[in-house]
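Step one of this worksheet: look at the structure below.
What follows draws every value from the coordinates through simple rules; no lab data is involved. As the structure is a prediction and not an experimental result, all values here were calculated from the model. When we count neighbours, we look across all protein chains shown, and the Cβ atoms used for this are built from the backbone with ideal geometry, even at glycine.
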There are 2 protein chains.
Amino acid sequence: MIEKTIRMNYLYDFYHALLTEKQNQYMSMYYLDDWSLGEIAEYFDVSRQAVYDNIRRTELMLEEYEKKLGLLEKYEGRRNQIAQLKKLLSERSVPDLDVIIKELEALE
Amino acid sequence: MIEKTIRMNYLYDFYHALLTEKQNQYMSMYYLDDWSLGEIAEYFDVSRQAVYDNIRRTELMLEEYEKKLGLLEKYEGRRNQIAQLKKLLSERSVPDLDVIIKELEALE
């Protein structure tokens with residue numbers, strides 16, 4: 001469940017601009033602000049089931065976007081690549097390595 | 001016009017997975033394979049205007065996706081960052097610089 005939450009946080013971060021306003025509200029309350037389904041339902045005066053269905057559908061949409069665009073996968077690839085580069089650089093004696101590492105990290 | 005063609009090639013590359021099959025056919029024939037509107041129209045037995053309208057709408061969709069997700073802008077940012085890093089590294093005497101540069105270029 002924690003793993004799913006982390007994944008959804010990433011997917012939401014990458015694709016939230018493609019969602020509707022309502023989807024964005026529910027998702028950010030549920031995943032970013034850690035509200036419960038019941039709390040969101042009460043706040044918007046709708047049923048808990050309606051909130052659940054909306055969030056579930058949005059999760060499927062996010063997975064569908066990831067299948068098409070693969071932004072999370074590419075991000076993870078870059079992160080590994082950068083870790084590998086840091087290792088390669090730190091094995092050599094590079095002057096001002098910290099400056100280079102900082103520039104490198106901005107590439108994530 | 002050439003500038004627009006280059007931009008559309010990039011946007012198509014980044015977002016084509018979000019388009020319909022018909023949009024993908026027209027766009028790849030027009031932008032990647034350099035067919036004319038008339039040739040595409042003849043091939044699909046539709047009017048030149050229909051092809052033009054479809055391609056024009058698709059171009060607007062691609063610009064809309066770019067406004068939301070900014071993949072081309074981020075790509076250009078990374079490319080500049082990598083050029084800057086290459087410059088920083090080549091100013092230092094780093095052993096096996098070519099290995100590092102190759103890894104770095106894979107980050108684009």
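Quick look at the values:
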| quantity | calculated |
| --- | --- |
| Given (1) outside any helix (DSSP H, G or I); (2) within 14 Å of chain B (Cβ to nearest Cβ); (3) surrounded by 12 or more Cβ atoms within 10 Å (Cβ to Cβ), index of the condition residue A:35 fails | (2) |
| Selection within segment A:32-72 - in contact (Cβ under 8 Å) with a residue 12 or more places away in the chain and among the polar types (S, T, N, Q) | A:54, A:58 |
| Some residue of segment B:88-105 being facing another protein chain (nearest Cβ under 9 Å), within 25 Å of residue B:7 (Cα to Cα) and surrounded by 11 or more Cβ atoms within 10 Å (Cβ to Cβ) | yes |
| Only one of B:54, B:9, B:24 that is closer than 29 Å to residue A:15 by Cα and loosely packed, with under 14 Cβ neighbours inside 10 Å | B:9 |
| Residues of segment A:1-31 classified as in contact (Cβ under 8 Å) with a residue 40 or more places away in the chain and either in a helix (DSSP H, G or I) or not aliphatic (A, V, I, L, M) (or both), total | 8 |
| Complete set of residues in segment A:19-66 that are more than 21 Å from residue B:68 (Cα to Cα), acidic (Asp, Glu) and under 18 Å from the mean Cα position of the chain (by Cα) | A:33, A:34 |
